[in-house]
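Here is the structure we will look at.
No value in this document is a laboratory result; all are computed from the given coordinates. Worth saying up front: this structure is predicted, and the values here are computed from it rather than measured. With ideal geometry, Cβ positions are generated from the backbone for all residues, glycine too; neighbour counts draw on all protein chains shown.
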Amino acid sequence: MKRIDIITLFPEYFEVPLNTSIIGRAQKNSLVTIHTHQLRDAATDNHGTVDDTPYGGGPGMVLKVDVLKGALDALIAKSNSTEKPFIVLLTPQGQPHTQSIAQQLSNLDWLIFICGHYEGFDERIRAYVDLELSVGPYVLSGGEPAALVAVDSIVRLIPGVTGHSDSVVEESFSLTDDADNPLLEYPHYTRPEEFNGQKVPDILLSGNHALVDAWRLEQAKQRTHKRQNNSQ
C-alpha cells in the first residue's frame, strides 16, 4: 500500500476532500493511506510557536526551520519504516506540476508533503526536501490547496484506483503528439445523438475504431494548438 503524509497547520482542511470520491475510495480499498499531521505538534515551546519575524525586517512571518525539520523527523521516526520517504515542499517558487511529475510521484511508495503558510519558509528547510513543487504561477493563502491538487493528480494514477485503466491514459496531458508533446483531451459525446441542432460527428457513429482513433488524435492536436494560441 502506498502512503502519503501531509504536514500542515490546518489538518481539518483535508477531512472532507481526502475521504470523498476517488481518493476516498482508494483509501477504503487499501490502495493508499493518507495521514495529516499538525505542524504545531513539533513546536519547541509551550505556546506552539511555529513562525517568527524575518531577519532583516519585512512584512509577515516565516515558518521556523527547526520546527519544520522536527516535524519531519518525528513523522519518520513514528512510522517505524526502514524506507526513505520522498519529501515535497509546496511553494510557488517550485517546479511547475505536470502530468509527467504526477506519474513519477505515483510510482513512489511514500510521499511527504509540507504545506507552507504566512510569508513562507526559512530558506534552510530546502536542504531537507527532494522536490519543490508549484501548482501554478500564482500565490495561495497556504500550501493546503496545492497539496490537494497534487495528491488528487497522483492518487488517481495509482494502478487500480480508477475503474478503467484507459481512462487515465487517454485524458488531457497523457496524450502526446508525434514529437511527444502533451495534448489536451479530444471532445467527448454521448446520448442524445442530436441536441438543439448540434449533432454527434458521424465518424463517432461509424464503428470504425481506427478512423475514430485518428479523428480523436487530430481533434486533440487542434484543440491544444487553439488553446495555446489563445493563451499567448
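Here are the numbers:
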item: Shape metrics for region 32-129, restricted to C-alpha atoms - Rg then Dmax, Å; result: 14.7, 43
item: The chain: radius of gyration over Cα atoms, expressed as a fraction of 2.2 N^0.38 Å; result: 1.24
item: Around ASN208: net Lys/Arg minus Asp/Glu count, Cβ-Cβ under 15 Å; result: -2
item: Between region 39-109 and region 180-206, the alpha-carbon center distance in angstrom; result: 44 Å
item: Net lengthening on full extension, ASP202/ASP66 (0.36 nm per residue, minus Cα-Cα); result: 42.6 nm
item: Projected-area average for region 170-231 over all orientations - Cα convex hull basis, square nanometres; result: 5.2 nm²
item: For region 58-101: rounded, prolate or oblate by the Cα gyration tensor [a/c cutoff 1.5]; result: oblate
item: Calculated diffusion of region 85-220, Stokes-Einstein form, Kirkwood radius summed over Cα pairs, 4 °C and 1.567 mPa s, µm²/s; result: 73 µm²/s
item: Degrees between helix 209-231 axis and first principal axis of the chain (Cα, 0 to 90, nearest 10); result: 50 degrees
item: Exposure proxy order (Cβ contacts within 10 Å, fewest to most) of THR8, THR162; result: THR162, THR8
item: Percent of beta bridges antiparallel (DSSP, the chain, rounded to nearest 5); result: 25 percent
